[in-house]
Amino acid sequence: MEIDAKQVAELRRRTGLPMMKCKAALQEAKGDLDVAEENLRKMGLKTVEKLKGRAMKDGLVFVRVVGHTGVAAVSVLCETDFVARSEDFTAFGENLVGRIYETAKADEGGGETLESLDLGGGRTVKDAKNDLIAKIGENIALGDFARMKTKSGIVANYVHHNGKIATLIELDGEGLSGSDEAK
């Protein structure tokens, strides 16, 4: 069956996988985009299982500050610095920390708690993480996270220059508020 370049481009847009993988998946699925996407997702889950035991010695801490009244942070671990600095990895981390700030149920916890967090569109953090693992070919894990919101104080953060260490700070006391006048 002849596969159209537009079909390959659409599948690549949906999955982020290389064009040759997308073309092969479309040929196997006889041109059906949805079947090809599902087959690629299943292959990706096999990749996730294969990579589970690999050590993760790198990663970054992602922080989101909202005004002076709220802050959230999460560590996302990976195997190499190359992946930690990649656009896909950082986009995943930024999206994740935003969702933690908006919807996380607990103020702190580990990666297992986060995997069931809804990202919208029927997708969970675990789904997005597994897709990213399949795409980049490295193991990824979710580390600790924290979230602080204050009504009468202010919050701040410090992220070390290497992006691997962060501190969240909450100050509460007389004369402090999240307004600009308190600065």
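Would region 95-104 turn up any residue that is of a type in the set (D, E) and out of contact with any Ser or Thr (no Cβ under 6 Å at 6 or more places or on another chain)?
Our first condition is that a residue be of a type in the set (D, E); within region 95-104, this holds for 102.
Within this subset, residues satisfying the condition of being out of contact with any Ser or Thr (no Cβ under 6 Å at 6 or more places or on another chain) are 102.
Yes - at least one qualifying residue is present in region 95-104.
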Subset of region 124-144 (residues that are touching an Asp or Glu at 6+ places or on another chain (Cβ under 8 Å), open to solvent by 10 Å² or more (accessible area, probe 1.4 Å) and under 14 Å from L96 (Cα atoms)): T124, K126, K129, L132, L142, D144
Would you mind finding the one in T90, T80 that is under 30 Å from K42 (Cβ atoms), at pLDDT 90 or above and touching a strand residue (DSSP E or B) at 6+ places or on another chain (Cβ under 6 Å)? T80
Taking strands (runs of 3 or more DSSP E) that fall entirely within region 118-172, which contain at least 1 residues that are modelled with pLDDT of 85 or more and among the hydrophobic types (A, V, I, L, M, F, W, C)? 140-149, 154-159, 166-171
Of these, K21, K42, K105, K52, which one is open to solvent by 30 Å² or more (accessible area, probe 1.4 Å), modelled with pLDDT under 80 and closer than 30 Å to V155 by Cβ? K105
Those residues of region 1-39 that are within 23 Å of D88 (Cα to Cα) and outside any helix (DSSP H, G or I) come to a total of 3
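The values are calculated or read from the model by the stated rules, or taken from the named source; none is laboratory data. None of the values given here were measured: they were computed from a predicted structure. Note: ideal-geometry Cβ built from the backbone for every residue, glycine included; neighbour counts use all protein chains shown. Side chains included, ligands, DNA and RNA excluded: accessible areas come from the protein's heavy atoms. Shrake-Rupley method; radii C 1.70, N 1.55, O 1.52, S 1.80 Å.
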